């Protein structure tokens, strides 16, 4: 394995990050000095305390973090609620609320040692029992958390009869936590006993709906926001602003001590701006930083005084077809649509600078286990032949597009529309408000859904394509795929895992469930007075070491 992969594996299996970098002969750009086994960067020598960081981003509801559906709402929450682990901008996962972890040789038993002395905002101390309560809640079918699609959590549950019948009189099956799946070793040690090997347990624990809640939680979170982070929620107005302020006192009046070391900002203010207006707000001096700007705005960003920050990512747009809905229940139709599209041409049109070409299997070149399949070749005549065989020579379909993280979604769909014409396919592009799209994204027959970056390709495949998981928007179901993914996830060695991913990627690609033209880079910008702003591929905001100069 290469040095960077060695560091990732070493950190995953519990070796201190600084030690792992030293063993690999690499300079550690994020953990440049010993930080007391904290996941955050070292303190900068000239860092100044105080100030208010103003950030432009969509302001969303903060109801139940276990069912959060996008990154922005998790960013609003991220400095209040924290995670067992934290994946940094370098794609390395380090302990957060956990102090360390260890895995059995077969990757079926994971033991997490919870930090001692971590204080909740109400004065309680974090314990392993609190972690257990959260995981039990994630696996409650009544909650409907997407976390059950994570490899680690799916290995804690089993399918059981709900006691109810469906419309056809068949037993309704639900997934519930297995007996013995979680063991409390002591007050600060928790053991997870999995039904199968899982590689990504630590990385799964920084998936944005895995934020750790206090057991007193009742939704909405914004009404009683108890967390372990350095900040508290001072004000939330959906569609307007979210104000966070440093916690100094617990809710019962005691001094609050934050476990995570020195934090510099007094306040973090998020102000509501859609993606296409965030750069304008920055240029006008209304904010110090933004969530992102689009490729269409690059020239404007270059003309504005500030620091442009870019990250290569696995962020993508899946123009996926729901395989249970006509006409997409006919694989010949799906294959014809895929064959009539030219992913490379779409990528060159929409993101000419940076990014990677998608291959219709949702594993990105930035993922360590990515296996390079033969390039996809457009075949218009082959598409026409399949449509004729299916009796769909004059096929007309509609794709729903929400532009949920920018107008580039619509640009992709319109490029597809122009290409599909060559095969005799009429593609109608139904553009709707982002909020409306999220209401139907998992149900529409043909939808353009944005998926964020995740550190491993196996993670996103488990979330989105395993049989029956909540985020399986295409309704793809394949026992062969599930088994092949299981095998890849049970393999620690990256070269062996990459070889196994060939089968996984090929099954999904051959099923033709999506047109996935590209993986995009993400861009943001900060003012010159903002320091330590992280360029995270998932656009996660972790501002513990961000500071403002005068």
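Throughout, read-outs are computed from the coordinates displayed, never taken from laboratory work. Worth saying up front: this structure is predicted, and the values here are computed from it rather than measured. Counting neighbours? That spans all protein chains shown, and the Cβs are built from the backbone with ideal geometry, glycine included.
Take the alpha carbon gyration tensor of segment 477-550, find the square roots of its eigenvalues, order them as a ≥ b ≥ c, and report rounded if a/c is under 1.5; if not, report prolate when a/b exceeds b/c, else oblate. Mind dumping the intermediate values first?
Details: a/c = 4.06, a/b = 2.37, b/c = 1.71.
Because a/c hits 1.5 or more and a/b exceeds b/c, segment 477-550 counts as prolate.
Taking the highest mean first, how do the peptides 277-287, 371-381 order by number of other beta carbon atoms within 10 angstrom per residue? Mind dumping the intermediate values first?
Numbers: 277-287: 18.3, 371-381: 13.7.
So the order, starting with the most tightly packed, is 277-287, 371-381.
What whole-number distance in Å separates the alpha-carbon centres of segment 60-123 and segment 479-537?
20 Å
Could you sort the peptides 536-549, 166-179, 263-276, 102-115 by per-residue average Cβ neighbour count (10 Å cutoff), highest mean leading?
Working: 536-549: 21.9, 166-179: 12.1, 263-276: 19.5, 102-115: 17.2.
Listed from highest to lowest mean packing, they are 536-549, 263-276, 102-115, 166-179.
Work out, step by step, the length gained on full extension between residue 390 and residue 300: first 0.36 nm times the residue separation, then minus their alpha carbon distance; give nm to one decimal.
Details: separation 90, 0.36 × 90 = 32.40 nm, distance 4.80 nm.
So the extension gain works out to 27.6 nm.
Which order do the peptides 139-147, 41-49 come out in when sorted by mean C-beta neighbours inside 10 angstrom, highest first?
The peptides rank, most packed first, as 139-147, 41-49.
So what is the relative contact order for segment 383-506, in percent, with contacts set as C-alpha pairs under 8 Å and at least six apart?
Working: 149 pairs, mean separation 23.6, N = 124.
Once normalised by length, the contact order is 19 percent.
Below 8 Å between Cα atoms, with a sequence gap of 6+, how large is the relative contact order for the chain in percent?
Working: 1197 pairs, mean separation 109.4, N = 550.
So the answer I get is 20 percent.
Counting helices only, and only those DSSP H runs with n ≥ 4, report the 222 nm mean residue ellipticity of the chain as the sum of -39,500 (n - 2.57) divided by its residues, in deg cm²/dmol to the nearest 500.
Values: 16 runs with 144 residues, N = 550.
Per the formula, -7500 deg cm²/dmol.
Using a basic spin-label model with each label point 7 Å from the Cα along Cα→Cβ, how many nm lie between residue 168 and residue 324?
1.0 nm
Simple spin-label model, 7 Å along Cα-to-Cβ: residue 140 to residue 216 in nm?
Between residue 140 and residue 216, the label points sit 1.7 nm apart.
Can you tell me how much longer the chain between residue 349 and residue 492 gets when fully stretched, taken as 0.36 nm per residue apart minus their C-alpha distance, in nm with one decimal?
Values: separation 143, 0.36 × 143 = 51.48 nm, distance 3.77 nm.
Gain on extension, residue 349 to residue 492, equals 47.7 nm.
Rg(Cα) of the chain divided by 2.2 N^0.38 Å?
Values: Rg = 23.3 Å, N = 550, 2.2 N^0.38 = 24.2 Å.
It is 0.96.
I'd like the distance separating the alpha-carbon centroids of segment 213-271 and segment 177-211, in whole Å.
A separation of 26 Å, based on Cα centres.
For segment 59-121, what does the alpha-carbon gyration tensor say about shape, rounded, prolate or oblate, given a ≥ b ≥ c as the root eigenvalues, a/c under 1.5 as rounded, and a/b over b/c as prolate? Walk me through the numbers on the way to the answer.
Numbers: a/c = 2.13, a/b = 1.68, b/c = 1.27.
In terms of gyration-tensor shape, prolate.
Is the shape of segment 167-207 rounded, prolate or oblate, going by the alpha carbon gyration tensor and its root eigenvalues a ≥ b ≥ c, with a/c under 1.5 for rounded and a/b larger than b/c for prolate? Kindly include the intermediate steps, with their values, before the conclusion.
Values: a/c = 2.99, a/b = 1.90, b/c = 1.57.
Here segment 167-207 falls in the prolate category.
Suppose R0 equals 30 Å. What FRET efficiency, 1/(1 + (r/R0)^6) with r the Cβ-Cβ distance, do residue 478 and residue 61 give to the nearest 0.05? Before the final figure, lay out the partial values.
Values: r = 35 Å, r/R0 = 1.16.
Step by step, r from the Cβ atoms, then E = 0.30.
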